[in-house]
Amino acid sequence: MRFAPRLPTMLSRTLRCCGTLGLLAGLLAGCATPPPADNPDAVAEFKQTNDPLEPTNRVFYAINNGLDTVILRPAALVYRAVVPTPVRTGVHHVLNNLGTPVQLANDILEAKPRRAGDTTMRFLINSTVGLLGVLDVAKGWGYPDHDADFGMTLAGWGVPEGPFLFLPVLGPTDPRDTAGFAVDIALDPFTWVGGDNEWRRVFDWTRYGLSALDGRERVLDSLDQVKKTALDPYATFRSLYRQHRQGQIDEMRNDDRTTNPGWVSQPAGADRNK
């Protein structure tokens, strides 16, 4: 898949670095030792946890936590203190609107026509009436946002998640979602259009920088609470990630709304429970 040369330099190098570090750490740290077969309860717990690379994952968690403590959390605190809430909300909406093409592609690949229709309407409405996505007008008009990415698409196709991973920069994930992350980059039109020029580089740095700030600011309180109260934050984040991810996948799978000629006027969720 030859899309890396058109990626922003920062992101391309980050992905290559993640793969290299993951391989080296895996070779050095090895895997968690399975419990003896004569202890069925421990074996069952080991399989349920599905974290055979736990020693390596914990090293990466410590690295990420250090980067977060020194860089991301302070930056998010400043962002929250300096930028008013309505402006932060507008930035979040614009970033979501920029991600609409990838979302739509995955709605189609997931064979969810009503979701694809909702995504299309959200883009058309928010890009016009919503002032290029600053305002989420579409939500009030009956087209709420939903999650869609290629990791979820793979799950819908029956691809198993694989073992838990905690990667540098990317954080908690699994092989299925890591592959999905790479495909989503390839699906993003901004990966390909615009050429390699100063304006393109400014756009890329601004978009990814704001995405990092926006994402971190929105979970400031919840992450602080976990780190303050959890006896084992790593295990807690592992569990929370899996629960959240499974919730997204279940919502996608259970969204069996049908499409008809009058779908535009049919409020989202109207026939979901029929």
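The values are calculated or read from the model by the stated rules, or taken from the named source; none is laboratory data. No experiment lies behind these values; they were computed from the predicted model shown. Because the Cβ atoms are built from the backbone with ideal geometry, glycine has one as well, and the counts that use them run over all protein chains shown.
At a glance:
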{"read-out": "Residue in the stretch 159-192 that is surrounded by the fewest Cβ atoms within 10 Å (Cβ to Cβ), counting only those that are out of contact with any helix residue (DSSP H, G or I) (no Cβ under 6 Å at 6 or more places or on another chain) and of a type in the set (S, T, N, Q)", "value": "T178"}
{"read-out": "Flag for G195 being part of a helix (DSSP H, G or I) and free of Cβ contacts under 8 Å to residues at least 60 places away in the same chain", "value": "no"}
{"read-out": "Any chance F164 is within 18 Å of F237 (Cβ to Cβ) and of a type in the set (A, V, I, L, M, F, W, C)", "value": "yes"}
{"read-out": "Any chance G156 is within 30 Å of F60 (Cβ to Cβ), surrounded by fewer than 19 Cβ atoms within 10 Å (Cβ to Cβ), at pLDDT 95 or above and under 20 Å from the mean Cα position of the chain (by Cα)", "value": "yes"}
{"read-out": "Selection within the stretch 131-153 - basic (K, R) and buried (at least 17 other Cβ atoms within 10 Å of the Cβ)", "value": "none"}
{"read-out": "Index of the failed condition, V129 passing every other in (1) within 23 Å of A186 (Cα to Cα); (2) modelled with pLDDT of 95 or more", "value": "(1)"}
{"read-out": "Only one of D250, D214 that is under 30 Å from K112 (Cα atoms) and in contact (Cβ under 8 Å) with a residue 40 or more places away in the chain", "value": "D214"}
{"read-out": "Near pairs, Cβ below 7 angstrom, 6+ apart or cross-chain, from the stretch 220-238 (within 13 Å of N65 (Cβ to Cβ) and among the small types (G, A, S)) to any residue that is at pLDDT 95 or above and assigned to a helix (DSSP H, G or I)", "value": "A230/T236"}
{"read-out": "Residue count, the stretch 144-161 (criterion: within 21 Å of A186 (Cβ to Cβ) and of a type outside the set (G, A, S))", "value": "9"}
{"read-out": "Residue that is part of a loop (DSSP other than H, G, I, E, B) and not charged (D, E, K, R), where the choices are L210, L240, L231, L223", "value": "L231"}
{"read-out": "Condition check for L124: out of contact with any Phe, Trp or Tyr (no Cβ under 7 Å at 6 or more places or on another chain) and crowded, with 19+ Cβ neighbours inside 10 Å", "value": "no"}
{"read-out": "Scan of the stretch 96-116 for residues that are of a type in the set (A, V, I, L, M, F, W, C), farther than 22 Å from L135 by Cα and surrounded by 21 or more Cβ atoms within 10 Å (Cβ to Cβ), ordered by number", "value": "A105"}
{"read-out": "Test: G151 is in a helix (DSSP H, G or I), at pLDDT 95 or above, in contact with an Asp or Glu (Cβ under 8 Å, 6 or more places away or on another chain) and within 26 Å of G209 (Cα to Cα)", "value": "yes"}
